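Structure first, commentary second.
The values are calculated or read from the model by the stated rules, or taken from the named source; none is laboratory data. All of these numbers come straight from a predicted model, not from anything done at the bench. In this analysis, Cβ positions are derived from the backbone assuming ideal geometry, glycine residues included, and neighbour counts consider all displayed protein chains. For the accessible areas, the whole protein counts, side chains as well, though only heavy atoms, and no ligand, DNA or RNA atoms are used. Shrake-Rupley method; radii C 1.70, N 1.55, O 1.52, S 1.80 Å.
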Amino acid sequence: MTAVGPAEQFFVHDDDEPPRRKKKNKSARWILGAMATLVVLGLVAAGAYLFSLHRSYSSNVSHFPELSEEDAQEILPPEEERPEPTEATNILLLGTDANGGSGDNEDLPRVPGGGRSDTLMLVHIPEDSDSVQVISIPRDLWVEIPGGRGWHKVNAGLALGGENGHWLTAATVEQLLDVRIDHVAAIDMLGFVGMVEALDGVRVNSSYPESFTTNEGYTFTPGSQYMDADQALSFVRHRSSFPDGDLQRIRNQQAFIRAVIQEAATPSTLANPVRTNDMVATFAEHMITDPDLTSTRAAALAWDGRGALNNISFSTLPTAGSGWSSDGQWIWHQDLEEQQRISQAMWEGTLDEYLNEDDAASE
């Protein structure tokens, strides 16, 4: 028996026998090499997958035109009068029915072309990106439109601003809640419906306590139920059955969006590149955003917020009751106290806590 060095002390052998350690090291190197190859291949595949999604988004999404200096002066208040930016991200979603034709448009006084049955949602992503809060703004909320345009329903900015209506609506919401709007996106409801088709349907939880039948003949019952694309579109458009009209429709839209997000984020869906790519392409095809919400920016927001998928809160901006405007429009009045609390919570990064307190108080 010979003396062994430190590196061989765990592999003692006879002088006339080949050291077994060398064979074991060769095997270990092979295993490590194979593992490294798999990791590299996985990274390459993931990179190709992300590149494919990036390309699907950028090749299908459209962007609003940049505001000219002259239009900016007409549409937006002076920079010094706008709320300061924060580390949070606020995105205004304008849900339109441009390709669907719900037959629910209004003939509003003093609004060229009439109003649209649009959905307005403010998506608030806190600085830490570990949660997302979505606040729906009732379309009949009575607000002051910037630029000396007077008082109108909140969605009137889309018509009053002409081709820059999305910017005027963003300025209106900034003024309403005293928070900076970082991005604006208009999403055709058919974009969500296309996602439902890509997902082969979704299960949506109807919060309405009774069954109701839509104009298209679909009947929905309280609780969770499967919906295909046509049923889902009918579900989110309907409001005539509800005593509070648009408020229940907002709840239905929120329930539908929650269902789509939950189904789209399941491991089985994310592990299916074809299905995921179809969802991104379909959704992007029905979306128009501000020029700064590029595919790179959208991907960064999605990546930073990947841990918030199970922590998304939906709420509706409180109102102070309904009434009639001086020109005969049925409207919701602003709840100035609650709006101030919401604004403060967004500034402080505590909107999630505020909404949880509000939910607990309503139980």
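Solvent exposure of D292, expressed as accessible area, is near 100 Å², computed with a probe of 1.4 Å over the protein chains only. Computed over segment 294-343, the P(r) curve from all C-alpha pair distances, binned at 10 Å from the origin, holds 20, 25, 25, 21, 10 percent per bin. Using a probe of 1.4 Å, the accessible surface attributed to E144 totals some 90 Å² when neighbouring protein chains are kept in position.
How much space per residue, in cubic angstrom, does the convex hull of the C-alpha atoms of segment 279-363 take up?
Values: hull volume 17.0 nm³, N = 85.
Spelled out: Cα convex hull of segment 279-363, divided by residues, is 200 Å³.
Summing +1 for each Lys or Arg and -1 for each Asp or Glu among the other residues whose beta-carbon sits under 12 angstrom from that of Q231 gives -2.
Wrap a convex hull around the Cα atoms of segment 152-193, take a quarter of its surface area, and give that in square nanometres. Before the final figure, lay out the partial values.
Values: hull surface 14.2 nm².
If I average the Cα hull's projected area over directions, I get 3.5 nm².
Taking every protein chain into account, the accessible area of segment 161-249 amounts to 38 square angstrom per residue (probe 1.4 Å).
Regarding segment 220-363, what is the average projected area of its C-alpha convex hull, in nm²? Spell out each step's value before the answer.
Details: hull surface 49.2 nm².
If you wrap the Cα atoms of segment 220-363 in a convex hull and average its projections, you get 12.3 nm².
Under 5 Å between amide hydrogens, built in the peptide plane, is the criterion, and for D228 it picks out nothing among residues at least 5 positions away or on other chains. Along segment 236-244 the Karplus relation, 6.51 cos²θ - 1.76 cosθ + 1.60 evaluated at θ = phi - 60°, assigns HN-Hα couplings of 7, 8, 6, 8, 5, 7, 9, x, 9 Hz to successive residues, with x for each Gly and Pro.
With each label modelled as a point 7 angstrom along the Cα→C-beta vector, the E84-S207 pair spans 3.4 nm.
I'd like the FRET efficiency for N311 and E337, computed as 1/(1 + (r/R0)^6) with the beta carbon distance as r and R0 of 41 Å, rounded to 0.05. Don't skip to the end; give the middle numbers.
Details: r = 27 Å, r/R0 = 0.65.
Working from the Cβ atoms, E equals 0.95.
Whole-Hz Karplus values for segment 270-275 come out as 5, 7, 10, x, 5, 5 Hz, taken residue by residue from phi with 6.51 cos²θ - 1.76 cosθ + 1.60 and θ = phi - 60°; glycine and proline positions read x.
If you wrap the tightest convex hull around every Cα atom of segment 182-290 and split its volume per residue, you get 109 Å³.
Just to confirm, what accessible area per residue do you get for segment 277-363 at 1.4 Å probe, in whole Å²? Could the numbers behind the result be given before it?
Details: 4820 Å² over 87 residues.
Ligands and nucleic acids excluded, the result is 55 Å² per residue.
Using heavy atoms of the protein chains and a probe of 1.4 Å, the accessible area assigned to W347 is about 100 Å². Efficiency by 1/(1 + (r/R0)^6): what FRET value for E348 and R275, r their Cβ-Cβ distance, R0 = 51 Å, to the nearest 0.05? So, using R0 = 51 Å, E works out to roughly 0.80.
Size check on segment 115-156: the Cα extents along the three principal axes, sorted descending, read 38, 23, 12 Å.
Between E127 and E144, residue separation times 0.36 nm minus the direct Cα-Cα distance comes to 3.2 nm. Modelled spin-label separation between E216 and N356, with each label point placed 7 Å from Cα along the Cα-to-Cβ direction: 3.7 nm.
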